[in-house]
Amino acid sequence: MLKTVDVTFSYTKESSFNFPDIELTSSQSLLIFGKSGIGKTTLLHLLAGILSPDNGNIFINNTNITSIGSKKLDAFRGRHIGIVFQNTIAVSSLTVYENLQARLYFSGISKQKKAIENILDQLDLVSVKNQKPNTLSTGQLQRLGIALGVIHKPDIILADEPTSSLDDENCKLVIDLLKSQAKKSNANLIIITHDQRIKNSFTNTIVL
């Protein structure tokens, strides 16, 4: 469950944002559209607890993430929030398998082997599990980014422009994978984008 109430944020007096309220029940998805500079990534960072709002509240599973300390917030984010970045962020010195191990470790999840094997199989990464990220194709890197964002079965999955650099075929593949993984985790999926190609894949949409 995700709920935001009266959230505002400003970098300067000339750069401030008033965001619409959001309320999602368990497993609902949301597509957030907006042109560059309108605050899409800022909103994603607020929902992830990376930024703190000037005003308003953000609730994830009845926890108000705007009112807990930074240490508790870090732990909460590691366990309950998954982020899929536009450009996959993986540790270059670790293999695909080791990157997933590290993600689970920092989420406080000790039983790792089965979860890793399952996600590798689901995202067709078994054949490259012992390779380093710099040896992967663009599509494999994209799937690794999804794996890193969902392997700990978060309550909310946030995806920042996941399709903007992809062709039509891979665009559909990535959206289908994100929706599938969200369904498996019973998670809220929120995609922030300007990519009009994925508009028809969602019934719940906000335009900033």
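The values are calculated or read from the model by the stated rules, or taken from the named source; none is laboratory data. As the structure is a computational prediction, the values presented were derived from the model and not from experiment. Note that each Cβ is placed from the backbone with ideal geometry, even for glycine, and that neighbours are counted across all protein chains shown. Just so you know, the surface numbers come from the protein's heavy atoms only, side chains and all, with ligands and any DNA or RNA stripped out. Shrake-Rupley method; radii C 1.70, N 1.55, O 1.52, S 1.80 Å.
The portion of the accessible surface of the chain made up by carbon and sulfur, rounded to a whole percent, is 47 (1.4 Å probe; DNA, RNA and ligands excluded). Taking Cα centre as origin and charging only the Cβ of basic (Lys, Arg, +1) and acidic (Asp, Glu, -1) residues, the dipole magnitude of the chain rounds to 600 debye. The GNM of the chain, with springs linking C-alpha atoms under 10 angstrom apart, assigns the highest mean-square fluctuation among GLY39, GLY78, GLY139 to GLY139. Taken as Cα centroids, the stretch 3-20 and the stretch 30-81 sit 12 Å apart, rounded to the nearest whole angstrom. The distance between label points at ASN55 and SER15 comes to 2.1 nm (points 7 Å beyond Cα on the Cα→Cβ vector). Calculated mean residue ellipticity at 222 nm for the chain: -10500 deg cm²/dmol, from DSSP H runs with n ≥ 4 weighted as -39500 (n - 2.57), summed, divided by the residue count and rounded to 500. Extension gain, ASN204 to ALA102: 0.36 nm times the residue separation minus the Cα-Cα distance gives 33.4 nm. Between ILE89 and ASP167, the simple spin-label model (points 7 angstrom out along Cα→Cβ) gives 3.0 nm. Solvent-accessible area per residue in the chain equals 52 Å², computed with a 1.4 angstrom probe and all protein chains kept.
Here the Karplus curve 6.51 cos²θ - 1.76 cosθ + 1.60, taken at θ = phi - 60°, turns the phi angles of the stretch 178-195 into couplings of 4, 5, 5, 5, 5, 5, 4, 9, 6, 9, 6, 10, 10, 10, 10, 7, 10, 7 Hz, with x standing for Gly and Pro. A dipole drawn for the chain from +1 and -1 charges on Cβ atoms has a positive end, and of SER92, PRO20, ASN200 the residue lying farthest that way is SER92.
Charged neighbours of VAL91, selected by a Cβ distance under 15 Å, balance to +2 (K, R count +1; D, E count -1). Couplings 3J(HN,Hα) of the stretch 127-140, computed from phi: 5, 10, 5, 9, 9, 7, x, 6, 9, 8, 6, 4, x, 5 Hz, in residue order, whole Hz [Karplus 6.51 cos²θ - 1.76 cosθ + 1.60, θ = phi - 60°; x for Gly and Pro]. Looking at the stretch 26-109, the trypsin sites (Lys or Arg not before Pro) that sit in a DSSP loop and have at most 14 other Cβ atoms within 10 Å of their own Cβ are LYS35.
Springs between alpha-carbon pairs under 10 angstrom, Gaussian network model over the chain: which of PHE106, PHE85, PHE19 fluctuates most? Ranking PHE106, PHE85, PHE19 by mean-square fluctuation puts PHE106 first. Between THR135 and ARG79, full extension at 0.36 nm per residue minus the direct alpha carbon distance yields a gain of 17.3 nm.
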